[in-house]
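As structure tokens, the structure follows; a few thoughts come after it.
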Amino acid sequence: VQLQASGGGLVQPGGSLRLSCTASGISDSIDVMGWYRQAPGEQRELVATKTRDGITAVAVSVKGRFTISRDNAKNTVYLQMNSLKPEDTAVYYCNGDTGNKDYWGQGTQVTVSS
């Protein structure tokens, strides 16, 4: 399985970005897809995940601002990020979980700065 993420960039506080991640390979075996992030000097943390059946988990720090969606037919997961704050600055990683193994994308940088 390969995960290809895109959509990061530089945005001003209060702005929006949309991340996309597409899985290829034995992608039909992936149950949970989602996003994690890692800021400099910090541990990687969960942002949001969504199961194939639509069950969602969202970090408290982004609830109400970030929305995760998933297109199972396209093996793609999206993260719509609104009202971005400087503390959202991090490398965002796409994750796919088959239940037996985790797969990670290459990471995409999101920088929130004026």
What is the residue count in segment 12-26 for residues that are at pLDDT below 95 and open to solvent by 80 Å² or more (accessible area, probe 1.4 Å)?
1
So D53 ticks every box in (1) exposed (fewer than 14 other Cβ atoms within 10 Å of the Cβ); (2) modelled with pLDDT of 95 or more; (3) at negative phi but one. Which box is left unticked?
(2)
Across segment 77-112, the tally of residues that are modelled with pLDDT of 95 or more, among the hydroxyl-bearing types (S, T, Y) and within 13 Å of K50 (Cα to Cα) stands at 1
Please count how many residues of segment 90-110 are touching a Lys or Arg at 6+ places or on another chain (Cβ under 9 Å) and among the polar types (S, T, N, Q).
0
Filtering segment 1-54 down to residues that are among the hydrophobic types (A, V, I, L, M, F, W, C) and outside any strand (DSSP E or B) yields V1, I26, I30, A39
Do you know which residues across segment 93-114 are among the small types (G, A, S) and surrounded by fewer than 20 Cβ atoms within 10 Å (Cβ to Cβ)?
G99, G107, S113, S114
Mind checking whether some residue in segment 27-47 is at pLDDT 95 or above, open to solvent by 40 Å² or more (accessible area, probe 1.4 Å), out of contact with any Ser or Thr (no Cβ under 7 Å at 6 or more places or on another chain) and of a type in the set (F, W, Y)?
yes
Between a residue in segment 71-83 that is among the charged types (D, E, K, R) and any residue that is open to solvent by 40 Å² or more (accessible area, probe 1.4 Å) and part of a strand (DSSP E or B), which pairs come within a Cβ distance under 7 Å, given they are 6 or more apart or on different chains?
K74/T22
Inspect all residues belonging to segment 41-53 and state whether any of them is touching a residue at least 24 places away in the same chain (Cβ under 8 Å), closer than 27 Å to S114 by Cβ and of a type in the set (A, V, I, L, M, F, W, C).
yes
For the subset of segment 58-92 comprising residues that are part of a loop (DSSP other than H, G, I, E, B), among the β-branched types (V, I, T) and under 11 Å from V47 (Cα atoms), which member is most open to solvent (accessible area, probe 1.4 Å)?
V60
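The values are calculated or read from the model by the stated rules, or taken from the named source; none is laboratory data. Since we're looking at a predicted model, the values are computed, not measured. FYI the Cβ positions are ideal-geometry reconstructions off the backbone, even for glycines, and counts take in every protein chain you see. Ligands, DNA and RNA are stripped out before the accessible areas are found, and what is left, the full protein with its side chains, is counted by its heavy atoms. Shrake-Rupley method; radii C 1.70, N 1.55, O 1.52, S 1.80 Å.
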